[in-house]
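For reference, the structure is listed below as structure tokens.
The values are calculated or read from the model by the stated rules, or taken from the named source; none is laboratory data. Because the structure is a prediction, the values reported are computed rather than measured. Glycine also receives a Cβ, built like all others from the backbone with ideal geometry; neighbour counts cover every protein chain displayed.
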Amino acid sequence: MDPSHQEAIALHRFGVIAEALNDRLSLAERGTLVREIAGRSHAHPDGDERRYSRGTIDRWIRSYRSGGLGGLCPSPRADTGAVRAHPELFGEACALRLELPTRSAAQIARILFARHGIWVAERTVRDQLRRAGLHKEALVAEPKAFGRYEAARANERWVTDVLVGPFVPHPRVESSVRAKLFLIVDDHSRLLVDGVFYAHENARSCQTLLRRAIVHRGIPDILYADNGAPFKNAWLARTCAVLGIRLVHSKPYAPQGRGKQERANRYIREAFLQEATHQGIATLDELNDRFSAWVAQVANRRVHAETNETPISRFEACGPHRQVDEDRLADAFRWSVTRKVTKTASVPLEGNAYAVDPALVGRRVELRYDPEDLAAVAVFFEGRPAGVATPFVIGRHVHRAVPQATLPAPRATGIDYLAMVAAAHDEEAGTGTKPDFSQLGLFASDEEAAR
């Protein structure tokens, strides 16, 4: 199996069991939670909706605790069997579903077998009906009731979002750019955990903010985000899996779970952005400095209308928060790719070439690296360290998804070289004598002037 597909499955399995990995759960509570997880449907990376038995979930929990994320990678199958589909029967399956929308895929499979003597797997029937838009959720509309939710303690659940800010001047372009506010809010205390305006809305901006927030406020149990590109990518999924954070994405077209975040966004627009744009912002750094001061002095010290407490006092009342060691934190925010080692014991990455251990020739290895420093790349083979990748052709030091740092504009020297040459030429034409160019600093020595 392709290593990238193995990692995708491992991340999926972590998402299934993440809720049950909480160390604060008793054995009875964990057993109840595992039974509840076993009763849910889970979206598999291949697009299927799957259910898992309690024994499978318990086995995955043990594997993660013993081997981390690598312990959740699937082992090779011993068989290569496949279920053949029968397209000629799917029209009849659709008719059976339309005839009785509550009829299950298993029942439709049994009816097809009774009529034609051909067994079609229940999952095959269910998938084909879903592709045709005939899944039960679409045909049987049930009224939904929405209740209020609040995390029981600080750092149990963080909610993150991106708020589009004002236009600010940017040194790398002639016109202004839209500032994007990446924001994290604690669900229990309503604390603005951290927030930074960036010129780019990408995955690295999200990771940078999350790392700052973890260093200052501890590790959350759950990170709740929408389905935007900065939050739904393999890099953030790996970060959360390494740190033991359960990454949850809101359901598309179901904004009911993001009410607190939207209210916080409105408060920021009214109380901060409106004042900031009225006074004018010269640079992105100035905007971030003012926002940090406003968060510390105003937003986190006001009495919240629902909790009747200030966010900072409600957050700190929960006591010390879970921390992480520096090595694990650094590894969590590395990016990871899979490469096949060439016959010359080298691997490519972002246009650069790296030398690796010759014993890895022909093998697929994992490269872990900081996207802001492509000169240092660690090599892993089958989940175990396998040395480092030494760069011998490096043309890019920063990943292309990470904006390059902007260099300050150089100071003018006031020296006009061509004007000096023109003056020397005019002097020679007027006097008939050859000027001494060594006096203009054009040559390093008299010998070079003579040549």
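For segment 328-353, the candidate set comprises residues that are out of contact with any strand residue (DSSP E or B) (no Cβ under 7 Å at 6 or more places or on another chain) and hydroxyl-bearing (S, T, Y); within that set, the residue that is surrounded by the most Cβ atoms within 10 Å (Cβ to Cβ) is T342.
Which one of these is surrounded by fewer than 22 Cβ atoms within 10 Å (Cβ to Cβ), closer than 27 Å to V324 by Cα and at pLDDT below 95: R178, R172, R217, R190?
Only one candidate qualifies: R217.
Does any residue of segment 178-195 turn out to be more than 25 Å from K251 (Cα to Cα) and assigned to a loop (DSSP other than H, G, I, E, B)? No, because not a single residue in segment 178-195 is more than 25 Å from K251 (Cα to Cα) and assigned to a loop (DSSP other than H, G, I, E, B). Summed over segment 1-50, the residues that are without any contact (Cβ under 8 Å) to a residue 24 or more places away in the chain and touching a helix residue (DSSP H, G or I) at 6+ places or on another chain (Cβ under 7 Å) give a count of 6. Residue count for segment 10-34, restricted to those that are out of contact with any Cys (no Cβ under 7 Å at 6 or more places or on another chain) and either of a type in the set (A, V, I, L, M) or not in a helix (DSSP H, G or I) (or both): 15. Those residues that are surrounded by fewer than 20 Cβ atoms within 10 Å (Cβ to Cβ) and assigned to a loop (DSSP other than H, G, I, E, B), I need them from segment 230-249; list them, please. Selection gives K232, N233. Kindly establish whether R339 is of a type in the set (K, R), under 28 Å from the mean Cα position of the chain (by Cα), modelled with pLDDT of 90 or more and not in a loop (DSSP other than H, G, I, E, B). Yes, satisfied. Of R322, R258, R266, all but one fail to be exposed (fewer than 12 other Cβ atoms within 10 Å of the Cβ) and closer than 22 Å to Y149 by Cβ; the exception is R266.
Okay, residues lined up against (1) at pLDDT below 85; (2) within 36 Å of the chain's Cα centre (by Cα); (3) not in a helix (DSSP H, G or I):
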{"position": "I37", "(1), (2), (3)": "no, yes, no"}
{"position": "D46", "(1), (2), (3)": "yes, yes, yes"}
{"position": "R62", "(1), (2), (3)": "no, yes, no"}
{"position": "A78", "(1), (2), (3)": "yes, yes, yes"}
{"position": "E88", "(1), (2), (3)": "yes, no, no"}
{"position": "E92", "(1), (2), (3)": "no, no, no"}
{"position": "L112", "(1), (2), (3)": "no, no, no"}
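Residues in segment 274-293 that are polar (S, T, N, Q) and assigned to a helix (DSSP H, G or I): Q274, T277, Q279, N288, S292.
Of the residues A296, A264, A305, A271, only one is part of a helix (DSSP H, G or I) and without any contact (Cβ under 8 Å) to a residue 24 or more places away in the chain; which?
A296
Looking only at residues in segment 94-108 that are assigned to a helix (DSSP H, G or I) and more than 40 Å from the chain's Cα centre (by Cα), which one is surrounded by the most Cβ atoms within 10 Å (Cβ to Cβ)? Filtering first and then ranking leaves I108. Whether a residue is modelled with pLDDT of 90 or more, in the same structural domain as D221 (by TED's automatic domain parsing), surrounded by 15 or more Cβ atoms within 10 Å (Cβ to Cβ) and of a type outside the set (F, W, Y) was assessed, and L273 passes this test. Every listed requirement among (1) within 20 Å of S176 (Cβ to Cβ); (2) outside the structural domain of D161 (by TED's automatic domain parsing) is met by R322 save one, (1). Please go through (1) modelled with pLDDT of 90 or more; (2) touching a Pro at 6+ places or on another chain (Cβ under 9 Å) for V347 and return the number of the only condition it doesn't satisfy. Going through the list (1) modelled with pLDDT of 90 or more; (2) touching a Pro at 6+ places or on another chain (Cβ under 9 Å), V347 breaks only (2).
Only residues that are out of contact with any strand residue (DSSP E or B) (no Cβ under 9 Å at 6 or more places or on another chain) and farther than 22 Å from P252 by Cα were counted in segment 215-231, giving 3.
Of all residues in segment 328-336, at least one satisfies being within 25 Å of I184 (Cβ to Cβ), among the charged types (D, E, K, R), in a loop (DSSP other than H, G, I, E, B) and touching a residue at least 24 places away in the same chain (Cβ under 8 Å).
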